[in-house]
1. Taking region 38-59 as the search range and keeping residues that are free of Cβ contacts under 8 Å to residues at least 40 places away in the same chain and not in a strand (DSSP E or B), which one is surrounded by the most Cβ atoms within 10 Å (Cβ to Cβ)?
2. Considering each residue of region 60-84, count those that are loosely packed, with under 14 Cβ neighbours inside 10 Å and either closer than 18 Å to V116 by Cβ or in contact with a helix residue (DSSP H, G or I) (Cβ under 6 Å, 6 or more places away or on another chain) (or both), and give that number.
3. Might you check whether a residue that is within 15 Å of E49 (Cβ to Cβ), in a loop (DSSP other than H, G, I, E, B), at pLDDT 95 or above and small (G, A, S) occurs anywhere in region 94-101?
4. Considering every residue within region 50-71, establish whether at least one is at pLDDT below 95, within 18 Å of T36 (Cβ to Cβ) and either in contact with an Asp or Glu (Cβ under 9 Å, 6 or more places away or on another chain) or of a type in the set (S, T, N, Q) (or both).
Amino acid sequence: MKKFLSCIILVLVSTIVFAQTVSKQNGPVITWDKITHDFGKITQGEVVEHTFYFTNTGNEPLIITDVKVSCGCTTPKGWPKDPVMPGGKGELTVAFNSTGKIGMQNKPITIVSNSVNDARVTFLTEVLERKPQ
């Protein structure tokens, strides 16, 4: 009787774990090559730009509807407007204008999409004060 009960519990637990794993894989999934970029030290007033690359590792088309930034100093410059098919690649380019900024900067960029996972990237930089000439 104990073996029978143990087998039933094992089957139930396996079924629950398998069901959760499968449900997480349905839909588009953004998989970033790199989720953080460090510009290093830049001088106040510089404008820097970086492109983040991603792949849709899910099983449905990925649709990006918007890119949200935390302040006007960060500008999303481009992302795919058409659906990115499963296995397809895409890129998101952002620019940062350091005018009026000083010190360490950590800027999150949130991607609004139909992805089943969190779609956020960030960049870091240290803005150094411009020396008077």
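The values are calculated or read from the model by the stated rules, or taken from the named source; none is laboratory data. Owing to the predicted nature of the structure, the values given are computational and were not obtained by experimental measurement. As a convention, Cβ positions derive from the backbone with ideal geometry for all residues, glycine included, and neighbour counts pool all protein chains shown.
1. Of everything passing the filter in region 38-59, T57 is surrounded by the most Cβ atoms within 10 Å (Cβ to Cβ).
2. Looking only at that region, the number is 2.
3. Within region 94-101 (the criterion being within 15 Å of E49 (Cβ to Cβ), in a loop (DSSP other than H, G, I, E, B), at pLDDT 95 or above and small (G, A, S)), the answer is yes, since at least one residue qualifies.
4. Scanning region 50-71 turns up at least one residue that is at pLDDT below 95, within 18 Å of T36 (Cβ to Cβ) and either in contact with an Asp or Glu (Cβ under 9 Å, 6 or more places away or on another chain) or of a type in the set (S, T, N, Q) (or both).
Okay, residues lined up against (1) among the hydrophobic types (A, V, I, L, M, F, W, C); (2) in contact with a Lys or Arg (Cβ under 7 Å, 6 or more places away or on another chain):
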residue: G58; (1), (2): no, no
residue: D66; (1), (2): no, no
residue: S70; (1), (2): no, yes
residue: C73; (1), (2): yes, yes
residue: V84; (1), (2): yes, no
residue: K89; (1), (2): no, no
residue: V94; (1), (2): yes, yes
residue: G103; (1), (2): no, no
residue: S113; (1), (2): no, no
